[in-house]
Structure formats: structure tokens, C-alpha cells
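Working notes, structure below.
The values are calculated or read from the model by the stated rules, or taken from the named source; none is laboratory data. Computed from a predicted structure; not experimentally measured. Virtual Cβ from ideal backbone geometry, glycine too; neighbours counted across all protein chains shown.
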Amino acid sequence: MVPGRDASAQAAGPARWSPDSWQQREALQQPHYDDADELARAGAHLAQLPPLVTSWEVLALKQAIAEAQDGDRFLLQGGDCAESFADCTSPVISNRLKVLLQMSLVLVHGLKKPVLRVGRFAGQYAKPRSTDTETRDGLTLPSFRGDVVNSPDFTAEARRPDPQRLIQAHAHSALTMNFVRALIDGGFADLHHPEYWDLAWVEHSPLAAEYRQMVAGIGDSLRFMETLAGPIAGFSRVDFFTSHEALLLHYEQALTRQVPRHPGWFNLSTHFPWIGMRTAALDGAHVEYFRGIRNPIAVKVGPTVTPEQLLPLIDALNPDDEPGRLTLIHRMGNAKIGAALPSLLEAVRREGRRVLWVADPMHGNTESTSNGHKTRRFDNIRGELDQAFDIHAAAGTRLGGVHLELTGEDVTECMGGARDLSETDLDRAYKSMVDPRLNYEQSLELAMLIVRKSVG
Ligand code: PEP
Ligand code: MN
């Protein structure tokens, strides 16, 4: 409860807010739909469909994030840059889950604290773009903004923002969610059976061998503890939460709901929506939308953000300093984090604001190769994460999580890592439609780095 406000005021949400009040503000990164009636009909249809998550789950995650803020949990958030409808398949979904589960096992074992697992999936279908249009051979068409908006093929028909895709995105999110929930409820995530998470194609990886050795050790200690104490409930089932960038506000609005048992408004398209770096303006539509929902939320913070900009943003999004409410994901770049991060940490600490600090070492380290691939050097990703731990330690703040773009598919999108992938390797298996993702080995290597940095 917010002190001084009665239950009916809370049920209405914050002052002068409604699920569509964002429409009075400037909304960046939205597609231009050419038929307003068609958009309104799709929105109305979506608003009738069942939600993808419940308020109970959303509040449970908020509590868990509050515990992470206190240092009692570590947040692992990861998945594709963008999901695609075509990749809504059994192997893609289960392989991604396998990588996240293996990473979380490394983290649980090394950090000796519970890991909060949040997927960048079941709704990560909208992408911000640097330009509204794209020109090829004299033809200019709308940019591809993710499968919830249009299609990547370079034709007028494919690039037309299609409101029906709002419904399709909800359906694909529900299919993904259903499969993830069924896998987890069926015992796929049981820590007693890490062999379920083996990926067929990594058999010969040097890191896989190191990982297996660690798993064998964990199995031994698990059996030992359970011989003494009986079955330990937390080990047979792990929770997974979902997150996505809540970019496309017509979609988010249609899934913003009130529920009988909890006052206020919830975004029930995902547990944990975040505001992207390009749409985090204090007076913009996204901040207006986010301030009124009760979910735990995150904001991406880039290298140009100043303390004078960050503190008012925290006030707008978490005026009552509610535990678990606000996560700040810094994404500075390996070359910039040293100059950009300390003053932000210092300001937030000085003001005594309660946030969870999370590092995204991916988005400040994107570059293009001479043959046109968007890539990231593993050394820069690892370097930024490494520095992030040191900078937090020096500032007296805590790095409580990581945010990564990764996949369980055998891709070559980021250079370097255990197999030292080079620019020419990128041609072999570059599959991302948007940002380059870590593959299995690169992901595990980062998990091991986090353990080394955290336990010294
Ligand atoms: C992303 O997470 O895919 C993204 C676009 O990040 P950012 O907003 O930090 O640039
Ligand atoms: Mn991305």
C-alpha cells in the first residue's frame, strides 16, 4: 500500500493515469499503421483474449527481485534479441531453456545463492530501429520492426505494419509459454537431472567437459545432502519468468488488465517488461505507460545518461521506493563503462534509492564487419562484465544480475570465445535477424566468469 492513499485510489492506479494515457505523449519507435480502424479492431480483439501470466506470478517475481536487491538472489535474464514466429518450435525453445538452465546451475553452484531465471522470450517480438525506413536499389520501404509488426522480406507487402500480427504475437507467446511451463512442470528443470539439458552438438566442447565435471560434483553433494535431510523441494523444480521490451504500446495496452484480488493495473503479457534505451525519455509515452503498471519493471541505461536524468526517471517510475519494483540494466560498452557508470552508481547510492543493478554487456558492444555482419567481440562482452563487477565493488553497490542475448542453436554470431571464432566463421552459421547472440560455449564461459568475479 502506498501510505496516504486508500484502496480505491490504488485500484485506479497512479494519479491521472490510464492504460491509454501514453497516447497523449510522444511515442517513439511505433510503426505507422495505415488503417486506424483495423488497428482498433485488432486491439479490441486482443483485449478479449486471456492474459499470458497472472498477477500472482508477477507479484511473486517482484518479491524475488526485492530479495535480489538485498543480495540474496542473482538474476539471470537471457534469450534472443528478437524471437521470430518461425522459431516458435520445440527445439529452439527447449535448447534455449537448456542453455539458461546450465548457466543457472553454474551460478547456483558457484554463487551459493538462488538464481532468478528470467527468459527474454514469450513476447520478445518488437524491435527498435535506428531508422524508420530502409532503402535498397532505389526502393524505400518501412524498416522491419519485429514479427509483431511486419515481416523481414524486402517487399511492400511484407513490410506493411499489419495489426493482425498483434494477435499472432500473442498466440506465439502463449505457445512458447505453454511449452516452457509444461517442460518445467514435467520435471525437465529438475536439478537431479542435468543430463536432460545436454545439447547434442556440444559433445566435444572443452567447456562442456568442464561443465560436466562440475555437474558430477553437484550431483554428489545433492545426493549427500538428501541422504541426511530427505528430498529438498527447491531442487526438483525451478521457476522461470518471462520478460520482453514493452516497445509496442498498442500491444501492451491491450494486455493491461485489472484482476479481482490485487488492486491496480497489471501488464499481463509478461512478468517483467523493460523500457529500451531509445524510449526511456522522462516525458515520453513509454515512461508514462510504465509508471502505471504494478509489475516489476526494468530500464536500459546507456552511456549518455547522466545522474541528473536518471534520478527523475527513478522518481517517476518508483516514487515510493517500493522493494522489487525497479531494475536498472546498464549497457555501456567495454570502452565506455569505466567513464559512464561510476557517477550513476554514486548518485543512486547517495539518494538511497532501491534498485537492482544488472549488467547487459551486449548492446554497447555491437559493431559491423567488413562483409556486413552485425557482430560483437566476446572479449569486449567479457571485458565489460568484468569491469562492471569491479566498478560496483569500488562504488559500494552490488551487481545483482546479468542480461544476455543468447541461443541454444549452434550459431557463429559473436567473435572470439572458447573456439576463437573469427570474422570468416561468421558466414558459417549467422542466423540472427537482428543482434548477434552468444552461443552455448560463450554463454557458459560468461557464467563461469560471473562466479569467478563474485566469489573472488
Ligand atoms: C535489446 O535489448 O535488444 C535492445 C535493443 O537494447 P537497448 O535498448 O539496450 O539498445
Ligand atoms: Mn538486441
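Before moving on, here are some points about what is shown:
- Within region 275-333, the only residue that satisfies the criterion of being charged (D, E, K, R), in contact with a strand residue (DSSP E or B) (Cβ under 8 Å, 6 or more places away or on another chain) and over 25 Å from Gly264 (Cα atoms) is Arg331.
- The set of residues in region 294-318 being without any contact (Cβ under 8 Å) to a residue 40 or more places away in the chain and part of a strand (DSSP E or B) consists of Ile297, Val299.
- Filtering region 192-228 to residues that are modelled with pLDDT of 75 or more and within 25 Å of the chain's Cα centre (by Cα) leaves Pro194, Tyr196, Trp197, Asp198, Tyr211.
- Residues of region 235-262 that are crowded, with 20+ Cβ neighbours inside 10 Å and within 19 Å of Arg325 (Cβ to Cβ): Phe241, Thr242, Ser243, His244, Glu245, Ala246, Glu252, Thr256.
- Scope region 113-129; condition part of a loop (DSSP other than H, G, I, E, B) and touching a residue at least 60 places away in the same chain (Cβ under 8 Å); matching residues: Pro114, Arg120, Phe121, Ala122, Gly123, Gln124, Tyr125, Ala126, Lys127, Pro128, Arg129
- Near pairs, Cβ below 7 angstrom, 6+ apart or cross-chain, from region 351-374 (in contact (Cβ under 8 Å) with a residue 60 or more places away in the chain) to any residue that is part of a strand (DSSP E or B) and among the acidic types (Asp, Glu): Met362/Glu405
- For region 391-408, a tally of residues being more than 16 Å from ligand 2 (Cβ to nearest atom) and touching a residue at least 24 places away in the same chain (Cβ under 8 Å) returns 11.
- Residue match in region 185-204 (condition: under 26 Å from His45 (Cβ atoms) and surrounded by 11 or more Cβ atoms within 10 Å (Cβ to Cβ)): no
- Test: residue in region 422-431 that is within 16 Å of ligand 2 (Cβ to nearest atom) and in a helix (DSSP H, G or I): no
- Tally of residues being closer than 16 Å to Leu326 by Cα and β-branched (Val, Ile, Thr) across region 263-281: 2
- Tally of residues being within 16 Å of ligand 2 (Cβ to nearest atom) and touching a helix residue (DSSP H, G or I) at 6+ places or on another chain (Cβ under 6 Å) across region 356-374: 4
- The number of residues in region 104-134 that are closer than 29 Å to His250 by Cβ and either surrounded by fewer than 20 Cβ atoms within 10 Å (Cβ to Cβ) or of a type in the set (Gly, Ala, Ser) (or both) comes to 11.
- Residues of region 150-172 classified as assigned to a helix (DSSP H, G or I) and touching a strand residue (DSSP E or B) at 6+ places or on another chain (Cβ under 7 Å), total: 2
- Among (1) surrounded by fewer than 24 Cβ atoms within 10 Å (Cβ to Cβ); (2) away from ligand 2 (no atom under 15 Å from the Cβ), the one test that Asn439 misses: (1)
- Of the residues in region 105-117, at least one is on the phi > 0 side of the Ramachandran plot, of a type in the set (Lys, Arg) and away from ligand 2 (no atom under 16 Å from the Cβ).
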